[in-house]
Structure formats: structure tokens, C-alpha cells
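Take a look at the structure set out below.
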Amino acid sequence: MSSSRRGFLRDIGLAAARQVASRIEPEPDEVPPSRLSEDEQHRYSRHLLLPEWSEAAQVAVREASVLVIGAGGLGSPVAMHLAGAGVGRLGIVDGDAVEISNLHRQHLHFTPDLGVAKAASAAAKLRFLNPDIVVEDYYARIDADNAEGMVEGQDLVVDCSDSFATRYAVNAACCAAGVPLVEGGVVGWSGLVMGIRPGESACYRCAFPLEPADAPSCAEAGVLGPAAGVIGSLQALEALKLLTGAAEPLVDGFLQLDLASLDVLRVSVARRDDCPDCGTL
Ligand SMILES: [Zn+2]
């Protein structure tokens, strides 16, 4: 065989080998690009390291619009965790101004904020915490007249209000609009947390059909700062589960916590057909 013929066959062989190799090992530029920027990969790296988390979970959080109702003892930890986690659009609703008696537990507000609207005070801190997200503040009180308009278009609502009337209004609006909801409440040393998937799981009114007659407020009974922190953090935890599916959320029931004794009770709740908010009758 002539030397030119051998060279031709060698070249053919090398080309074929390269073709096989290219099928086995994709070229670097064939790896799908990350849907997170380099900054996002750094900022959320400790979430992304979790086996239960994923880039898709982080993208779901970034693309979510979440409304936090109340910027007080529960709303502070909820909003801080959700802003830190990268919720892309975070709304903060509150119709009060910062008072000195708030500061032992409402850690989005500092002493120089006394007299400032809580929604604006909270939003200012959250924008420093995470400048990559959009934070909108609403100086408003949620009631039965405006609740539906406020929850419409949200991917999730976290109710951190301190009144039963607001909770029932928010629950009814979320059920009507099909918006998932995380309810919470705290007073003294105890509190509860409940996740709701409207149309699928029991709602707040399924669990509590009537407002308790003698439930004291924090202004009447007091509240331990860390108790609000624990309950608010659990609400944020459940919110992230509902947004991402990274873990099984607490639905069809609620968690009741006595933080003095550290007794934790998980109470199952079934949907009620005659529920005025989510029932089918
Ligand atoms: Zn219901």
C-alpha cells in the first residue's frame, strides 16, 4: 500500500474515532447553561447544596410572587427568610406604624424607625438584604372588602396578621382565588402554623369554623419575642415547601407549639363539605 493511501486511511480512522468520542462525551458547549446567574449561584449556594433543593426549585422561588400580610412579629421573620431565599416579587402589607413595644420581636424595624409605616420600614430593610428581588410595600389593612383584590395574581400568601377577622377574610379570598396560603398565629409562648392548598386541602375555616370567643391579643396577653420568631420561621419554611415541592408541606392539619414546654402537637383536619370558604355544598 502506498504511503499516501495509508495516510488517507489513518485520517479516516481518526475522524471516525473523533465522531464516536463526540457521541460519548458531549462538547462543553452542549451542557445546558444554568438558569441561574453566577451571582445567584453564589448567593443561594447553601440552598443549592441541599439534595432536596435544585436549580429548578431556586428558579421557582425567583419566579414567584408572594404576599406577606403583616410586617410584625411573624411577618418580620417570614419576609426576611423569603427575601433571603430569593422570592422574586415580595409584597408587604401593613397598616400600622412602628411602635417602641414592637421592637423586642419585630426585627425588621429598628429604634430610628419609630413612627414610620411598618410596610415601608420592612421593605427598606428587605431591599438591602436582597437587591435582586422586587419588594413592594402597601400601607393598608386587609379586610373582607379588599382581600380578594390583594391576593389575586399571587402565587402564595403568608398571613402574619394578628386578628381573626383578617385571617378569615384572607382565607376566604385565597380559597376563592385558588391561591395557596400559610396561616400562622402566636400569643404568649405558643402558636400554630397551617398550610392550605385551596380546593385540595382543609382551609383555615375548616379547622376553625368560628372565631374563639375569648382569644387574647399580644397587646393583652404579651408575647415572647423568640416564640414569634419560631412560628414565623415555620411559616417561611412551609411557604418554601409549597413554592418548590422540595419537601412535603404541612396541609390537612396544623402544628400547635407550646414553646414553654416545647410540646408540639400535629392536629389533622379534614375538608368540610359545608365550609363556607372551600366547601362544595
Ligand atoms: Zn374550608
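The values are calculated or read from the model by the stated rules, or taken from the named source; none is laboratory data. Because the structure is a prediction, the values reported are computed rather than measured. Ideal geometry is used to build each Cβ from the backbone, glycine not excepted, and the neighbour counts take in all protein chains shown. These accessible areas exclude ligands, DNA and RNA; they are computed on the full protein's heavy atoms, side chains included. Shrake-Rupley method; radii C 1.70, N 1.55, O 1.52, S 1.80 Å.
Checking residue 220 against (1) of a type outside the set (Ser, Thr, Tyr); (2) surrounded by 23 or more Cβ atoms within 10 Å (Cβ to Cβ); (3) more than 23 Å from residue 59 (Cβ to Cβ); (4) away from the ligand (no atom under 16 Å from the Cβ): exactly one of these is not met. Which one?
(2)
Quick one: count up the residues across segment 174-206 that are outside any loop (DSSP other than H, G, I, E, B) and open to solvent by less than 20 Å² (accessible area, probe 1.4 Å).
Step one: filter segment 174-206 for residues outside any loop (DSSP other than H, G, I, E, B), giving 174-177, 181-188, 190-196, 204-206.
Okay, now just the ones that are also open to solvent by less than 20 Å² (accessible area, probe 1.4 Å), so 174, 181-185, 188, 191, 193-196, 204, 206.
Going through segment 174-206 one residue at a time, the tally reaches 14.
Would it be correct to say that residue 227 is over 18 Å from residue 64 (Cβ atoms), touching a residue at least 24 places away in the same chain (Cβ under 8 Å) and touching a Phe, Trp or Tyr at 6+ places or on another chain (Cβ under 6 Å)?
On the way: over 18 Å from residue 64 (Cβ atoms): yes; touching a residue at least 24 places away in the same chain (Cβ under 8 Å): yes; touching a Phe, Trp or Tyr at 6+ places or on another chain (Cβ under 6 Å): yes.
Considered against the rule, which asks whether it is over 18 Å from residue 64 (Cβ atoms), touching a residue at least 24 places away in the same chain (Cβ under 8 Å) and touching a Phe, Trp or Tyr at 6+ places or on another chain (Cβ under 6 Å), residue 227 comes out as yes.
List the helices (runs of 4 or more DSSP H) that sit entirely inside segment 54-142 and contain at least 2 residues that are over 16 Å from the mean Cα position of the chain (by Cα) and surrounded by 22 or more Cβ atoms within 10 Å (Cβ to Cβ). Spell out the reasoning first.
Values: elements: 55-62, 75-85, 118-129.
In segment 54-142, the matching helices (runs of 4 or more DSSP H) lie at 118-129.
Would you mention how many residues in segment 255-281 are acidic (Asp, Glu) and crowded, with 19+ Cβ neighbours inside 10 Å?
Of the residues in segment 255-281, the ones acidic (Asp, Glu) are 258, 263, 273-274, 277.
Then drop every residue that is not crowded, with 19+ Cβ neighbours inside 10 Å, which leaves 277.
Of the residues in that region, 1 qualify.
Any residue at all in segment 143-157 that's out of contact with any helix residue (DSSP H, G or I) (no Cβ under 8 Å at 6 or more places or on another chain), open to solvent by less than 10 Å² (accessible area, probe 1.4 Å) and polar (S, T, N, Q)?
There is no residue in segment 143-157 that is out of contact with any helix residue (DSSP H, G or I) (no Cβ under 8 Å at 6 or more places or on another chain), open to solvent by less than 10 Å² (accessible area, probe 1.4 Å) and polar (S, T, N, Q).
Please give the number of the condition residue 208 fails out of (1) within 16 Å of the ligand (Cβ to nearest atom); (2) on the phi > 0 side of the Ramachandran plot; (3) of a type in the set (A, V, I, L, M, F, W, C).
Result: residue 208 fails condition (2) only.
Collect the residues in segment 167-193 that are under 17 Å from residue 66 (Cβ atoms) and either among the hydroxyl-bearing types (Ser, Thr, Tyr) or in contact (Cβ under 8 Å) with a residue 24 or more places away in the chain (or both), keeping them in residue-number order.
Step one: filter segment 167-193 for residues under 17 Å from residue 66 (Cβ atoms), giving 170-171, 173-174, 177-184, 193.
Scanning segment 167-193 gives 170, 171, 173, 174, 177, 179, 180, 181, 182, 183, 184, 193.
Testing residue 35 on (1) crowded, with 18+ Cβ neighbours inside 10 Å; (2) out of contact with any Cys (no Cβ under 7 Å at 6 or more places or on another chain), one condition comes back false. Which one is that?
(1)
Could you list, in sequence order, the residues of segment 223-254 that are open to solvent by 30 Å² or more (accessible area, probe 1.4 Å), away from the ligand (no atom under 16 Å from the Cβ) and farther than 26 Å from residue 86 by Cα?
Result: 224, single match.
Could you tell me whether segment 48-65 includes any residue that is β-branched (Val, Ile, Thr) and modelled with pLDDT of 95 or more? Let's see the steps before the verdict.
Here is the first cut: in segment 48-65, the ones β-branched (Val, Ile, Thr) are 59, 61.
Subset that is modelled with pLDDT of 95 or more: 59, 61.
The answer is yes, given that some residue of segment 48-65 is β-branched (Val, Ile, Thr) and modelled with pLDDT of 95 or more.
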